[in-house]
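Written out below as structure tokens is the structure these notes cover.
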């Protein structure tokens, strides 16, 4: 190779090296990446999803204490704490910020426009003003989202189908969670088509669950739809126990039936947390979050808890049971 050719080759090589994304070069150099996790609920209630996230990260070669460190902050259902917790994580110079729950995602977006944000699972990202286009977010956010108003309306339909006798269902809702605003009108529209009258009952924390069910008894509701909320998800077993004690058929997310609720319907949350690792990996290797399309779950599972049905004295039709992805006996 001539001197001129050698100089040109070195110049091109040097230019290519300079163009490598910073995160990718750092990984090559053995950097320990700092990952922040901002959760709307509690650490104890989110233990299984977090373990799924860790499993996903290990599948991409990331091991805590070796090449990644994860800093967790939990609002424990008190969403007013989220801005301070987000600021704490940002101050630690995290490379990526993972958020669980729409309240956490909204706060994270306000807190930083430069740190990549991965949404483990949130409500409608467009309707909540997080992005304008899920196919190309063009912001510092990516991850997974799904449309909760339609999902909760479907849950109401399934509850009516499984329990034809119901006429006055309650919608257990957290008024502090912004996803509740579009959910309730969608449920009321679905209720109208099913000749049902929905009673909205609010609870903001576990301490308010018992009073909420007392209010349901006073209003003579005959069933319950547990709407989407991080604090509710962390307390599914407590909610299912109260529903059973009050002889109320109930439906919630997929995991709700596994915690003792009558019916669960929704995406596999553990799978979505595991999928969040894919977005983290792409970002740490240099991808811009705005170039990674936000994904929506494509599979929704129906789970029926026949043990709970028996304790409620309900006979679920065979026609309904054959549609279930899982029956707990």
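For segment 225-232, state whether one or more residues are in the same structural domain as residue 308 (by TED's automatic domain parsing), farther than 22 Å from residue 43 by Cα and assigned to a strand (DSSP E or B). The answer is yes; a qualifying residue exists.
Condition first: farther than 19 Å from residue 159 by Cα and modelled with pLDDT under 95. Now tell me which residues in segment 230-250 satisfy that.
230, 231, 234, 235, listed by residue number.
Only residues that are surrounded by 19 or more Cβ atoms within 10 Å (Cβ to Cβ) and in contact (Cβ under 8 Å) with a residue 40 or more places away in the chain: list them for segment 51-71, please. Answer for segment 51-71, where residues must be surrounded by 19 or more Cβ atoms within 10 Å (Cβ to Cβ) and in contact (Cβ under 8 Å) with a residue 40 or more places away in the chain: 52, 53, 56, 57, 62. Taking the residues in segment 233-242 that are under 18 Å from the mean Cα position of the chain (by Cα) and part of a helix (DSSP H, G or I) as candidates, determine which candidate is surrounded by the fewest Cβ atoms within 10 Å (Cβ to Cβ). So, considering only residues that are under 18 Å from the mean Cα position of the chain (by Cα) and part of a helix (DSSP H, G or I), the one surrounded by the fewest Cβ atoms within 10 Å (Cβ to Cβ) is 237. Output the residues belonging to segment 297-307 that are surrounded by 14 or more Cβ atoms within 10 Å (Cβ to Cβ) and within 29 Å of residue 144 (Cβ to Cβ). Those that are surrounded by 14 or more Cβ atoms within 10 Å (Cβ to Cβ) and within 29 Å of residue 144 (Cβ to Cβ): 297, 300, 301, 302, 303, 304, 305. Considering every residue within segment 134-153, establish whether at least one is part of a loop (DSSP other than H, G, I, E, B), in the same structural domain as residue 310 (by TED's automatic domain parsing), in contact with a strand residue (DSSP E or B) (Cβ under 8 Å, 6 or more places away or on another chain) and farther than 16 Å from residue 105 by Cβ. No, the conditions are met nowhere in segment 134-153.
Are any residues in segment 308-327 outside any loop (DSSP other than H, G, I, E, B) and either without any contact (Cβ under 8 Å) to a residue 12 or more places away in the chain or surrounded by 15 or more Cβ atoms within 10 Å (Cβ to Cβ) (or both), and if so, which ones?
Of the residues in segment 308-327, the ones outside any loop (DSSP other than H, G, I, E, B) are 308-312, 318-321, 326-327.
Within segment 308-327, 308, 309, 310, 312, 318, 319, 320, 327 qualify.
Cβ separations smaller than 6 Å between residues 6+ apart or across chains give the following pairs from segment 231-243 residues that are closer than 21 Å to residue 176 by Cα to residues that are surrounded by 24 or more Cβ atoms within 10 Å (Cβ to Cβ) and modelled with pLDDT of 95 or more: 232/226; 236/256; 239/226.
The set of residues in segment 72-101 that are in contact with a strand residue (DSSP E or B) (Cβ under 6 Å, 6 or more places away or on another chain), buried (at least 19 other Cβ atoms within 10 Å of the Cβ) and part of a loop (DSSP other than H, G, I, E, B) comprises 94, 95. If the requirement is being surrounded by 15 or more Cβ atoms within 10 Å (Cβ to Cβ), in the same structural domain as residue 249 (by TED's automatic domain parsing) and outside any loop (DSSP other than H, G, I, E, B), which of these qualifies: 120, 215? Within the list 120, 215, the selection yields 215. The residue that is surrounded by the fewest Cβ atoms within 10 Å (Cβ to Cβ), among those in segment 196-212 that are at pLDDT 95 or above and not in a helix (DSSP H, G or I), is 197. Among the residues of this structure, residue 109 counts as one that is part of a helix (DSSP H, G or I) and in the same structural domain as residue 283 (by TED's automatic domain parsing).
Of all the residues that make up segment 169-193, how many are assigned to a helix (DSSP H, G or I) and either under 18 Å from the mean Cα position of the chain (by Cα) or surrounded by 18 or more Cβ atoms within 10 Å (Cβ to Cβ) (or both)?
At the first step, the residues of segment 169-193 found to be assigned to a helix (DSSP H, G or I) are 180-193.
If we keep only those that are either under 18 Å from the mean Cα position of the chain (by Cα) or surrounded by 18 or more Cβ atoms within 10 Å (Cβ to Cβ) (or both) as well, we get 180-183, 186-187, 190-191.
So the count comes out to 8.
In segment 3-50, of all residues being at pLDDT below 50 and part of a loop (DSSP other than H, G, I, E, B), the one that is surrounded by the most Cβ atoms within 10 Å (Cβ to Cβ) corresponds to 21.
The values are calculated or read from the model by the stated rules, or taken from the named source; none is laboratory data. If you're wondering where the values come from, they're calculated on a predicted model, not measured in any experiment. Note: ideal-geometry Cβ built from the backbone for every residue, glycine included; neighbour counts use all protein chains shown.
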